[in-house]
Structure formats: C-alpha cells, structure tokens
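Presented below is the structure to which this report refers.
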Amino acid sequence: MSSAAPEKDRISAPPSLLEQVRRRVRAKHLSRRTEQAYTHWIKRYILFHQKRHPSDMAAAEVEAFLSWLATDREVSASTQNQALAALLFLYKEVLSLTLPWLDNITRAKPRVRRPVVLSHQEVSALLTHMHGVTGLMARLIYGTGMRLMECCQLRIKDIDFHQREITIRAGKGGKDRVTMLPASLAPDLQAHISSARRFHDLDRLNNEPGVSMPDALARKYPSAPTSWTWFWCFPADHLSTDPVSGIRRRHHLFEQAVQRAIKRAVQAAGIVKPATTHTLRHSFATHLLMGGYDIRTVQELLGHTDVSTTMIYTHVLNQGGRGVISPLDSCVGHATATQLT
C-alpha cells in the first residue's frame, strides 16, 4: 500500500512549467521549431535568475536577461527578439499574467542586411558538385524557391506532374501556396519517387506505423498515414522515434544532410560567398526579378505575407513579366549537371 502512494502522487502531480509551455504551443498549432525555441529561451531565462519562478519576476529581470544576451553573449538582434517573444508567450499565454510592463519592453532593432545571392554561373557550379538525393533537393529548392524544411516535408500527393506545379503545405505562418515544378527537373524527380516507393513498400511489409500526419488527420482518416499519397517524397533510409508521439516510424530526410552537402559543394566549387541552403532561395527570387518577372508574382511564389519582405531583392531591375518559368530551366549546364546515384 505504501508503494502505491508515491505512484498516485506522481500521476496527480501538475505538469512542469516547460511542459505547460509545450502544451500551450501545441494548442495554438505553432511549429515544432517554435516549441523548441521557446522552451530553450524560457529555460535559459529561469537558469539565468538562479531558478526563480517567472511569476516572481518582472520587467527588471526580463531586461537584465535580454541585456546579458546582447552584451555578454553578443547575440544578434533577431536572436534577442526571439528570446523576448518566448518570454512574452510565457507570461501572456502560459501564466496568463496581464502585466502593463510586458508591452513596454524594448525590442532590438534588427540590421537591414542584403541577402547573399549567387550568380547563374555560381549556382551552376554549385549544383554540378551535388549528386544523389541531396543534389536533387538542392535543385528543387533553387528551382522553386521553397524553404529547406518545406522541401524535406514534401509529400507525394503535393506534386502534380501534369500541371507542373507543387503545393507547399503549412509553410511559414501555416500558409499553403503553389509554386512551379521545373520542367527540366520532372524526369529526375519522377525517377526518385519511383525509387522511394521501396521504403513505403518495406514499411507496409513490416507493418510499421505510418508517417506522421498534421492536425490529427490520422484520427479522421485512419488509413492515410500508411497510404502512398501521404508518404514523404524524400524519406529517410531508416526508422526513428517521433519526438512528439514517441512512436518509432519513418520520417523525412534529416535537413542537416542537405545543409552539409551544400556546404561541401560550396567549397568544392570554389565559391567564396557565405552560401547556405537559404542562399538558393534568395538566388531564386533575385534571378526571377532579373528575368523581368513582377515582384507580386515573386512574392506569391515565396509565400511572403507582405511585399515589403520581397523588396529586399529589388537591387535588380524589375521589368515585369508574364508567365513564370523556373530559373533552373535556364541554368547554365543544367542538362548535364543532374546525376542521381
């Protein structure tokens, strides 16, 4: 009987503060990355003040923490504002504290930086040094303007070869949008999807759990997680544990695999610019504007809510345009650059 009492107390114990944060983030349908960022900054905030409870602290403690980040840790303005956003979420959404000083916290002013953009020749050289699945994904990112995670989380059903378009689901801000499917990339993508089918067939043969589904769709459509249409376009070659549900299943290719491949290709191509995966997205937008496409069209393809965000690419001449052809289709030397292994 004595051994049952601690178990009862453990079960009835209230969730920890960080667990409350996670639950609230998920209740508001924020992204997994947002959840990780918020819990990280809230934990650092509490540790910075010797594990004092946030409800016992106020503006002075928040300002001290943000000042420490800027002066001692030398973080960027955007990182400092991310930490502030996490603390505001904690006080307003989790602790439900209506405190006047929350709205008076000074936000850091981010520096306006010109994005790193590669020339057509540099993009061609970069892609020439990329092969296999990561090479295909790099071409897809440059050819469509999608973000890295949007590419990793692409599903079979969202690629329309007949209409030559790709639907990007739940992009930044939870928005869907449509972008073009580069005609020159279609054959390689079809060949890759055919080879990726073996992972789906293997999982079904072994009766493995299906892929993860957004917004509890697995309960509404029980057979969807195991269907081919919902399968990842770029599946991982092994099973791993879902950090949210704890279920061991097949996930999409790990995004760092693409980042590392691009870093190696940048070095091999002799490119001196600090190019990353996101540089391909910047180059996509810039090359479209250089080709004369309207900035509103580029805005829609990038998924920007405000056209002012797209204006960072207007260091090139905007001449307007008609239909959209992917810059990948005119990339120098692309016809011989793709080589899947």
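To make sure I understand, if each residue's beta carbon is the centre and we count other beta carbons within 10 Å, what order do Val133, Val123, Val298 fall in, fewest to most? Numbers along the way, then the final one.
Values: Val133 20, Val123 29, Val298 24.
Placing the least packed residue first, the sequence is Val133, Val298, Val123.
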Check your understanding: When only Cα pairs under 8 Å and 6 or more residues apart are kept, what is the percent relative contact order across the range 120-336?
Key -> 29
**Study point:** R0 of 41 Å, Cβ-Cβ distance Ser330-Ala85: FRET efficiency to nearest 0.05
**Key:** 0.55
Exercise for review: Please identify, among Val117, Val21, Val272, the residue showing maximal mean-square fluctuation in a Gaussian network model of the chain using a 10 angstrom Cα cutoff.
Suggested key: Val272
Exercise for review: Using only Cα atoms, tell me the angle between helix 277-290 and the longest principal axis of the chain; keep it within 0 to 90° and round to the nearest 10.
Suggested key: 50
Exercise for review: Kindly express, to the nearest 10 degrees and within the range 0 to 90, the angle between helix 59-71's C-alpha long axis and the longest C-alpha principal axis of the chain.
Suggested key: 40
Check your understanding: Could you give the distance between the Cα centres of the range 219-278 and the range 46-72, to the whole Å?
Key -> 36
Exercise for review: Considering the convex hull of the alpha carbon atoms of the range 120-336, report its projected area averaged over all viewing directions, in nm², one decimal.
Suggested key: 12.6
Exercise for review: Pop the C-beta distance of Ala58 and Thr34 into the FRET formula with R0 = 25 Å and round what comes out to the nearest 0.05.
Suggested key: 0.50
**Study point:** Linear extension gain, Ser119 paired with Lys43, 0.36 nm per residue minus alpha-carbon span
**Key:** 23.1 nm
Check your understanding: Once both axes come from the Cα atoms, what is the angle between helix 132-144 and the longest principal axis of the chain, in degrees from 0 to 90, rounded to 10?
Key -> 90
Check your understanding: Which translational diffusion coefficient, to the nearest whole µm²/s, is obtained for the range 13-104 from the Stokes-Einstein equation, given a Kirkwood hydrodynamic radius over C-alpha pairs, 25 °C and 0.890 mPa s?
Key -> 182
**Study point:** Label-zone membership for the range 244-271, site Ala236, 7 angstrom Cα→C-beta point, backbone N under 12 Å
**Key:** 244, 246-257
Exercise for review: Divide by every residue of the chain the summed helix terms, -39500 (n - 2.57) for each DSSP H run of at least 4, and state the resulting mean residue ellipticity at 222 nm, rounded to the nearest 500 deg cm²/dmol.
Suggested key: -13500 deg cm²/dmol
Study note, to complete from the structure: Taking R0 as 35 Å and r as the Cβ-Cβ distance between Arg197 and Glu165, the FRET efficiency 1/(1 + (r/R0)^6), rounded to the nearest 0.05, comes to 0.95
**Study point:** Extension gain from Met213 to Leu18, taking 0.36 nm per residue of separation minus the Cα-Cα distance
**Key:** 67.8 nm
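Just so you know, all these numbers are worked out from the coordinates, no wet-lab data involved. Quick caveat, the model's predicted, so the values are computed rather than measured. Please note: Cβ atoms are built from the backbone with ideal geometry, for glycine as well, and neighbour counts cover all protein chains shown.
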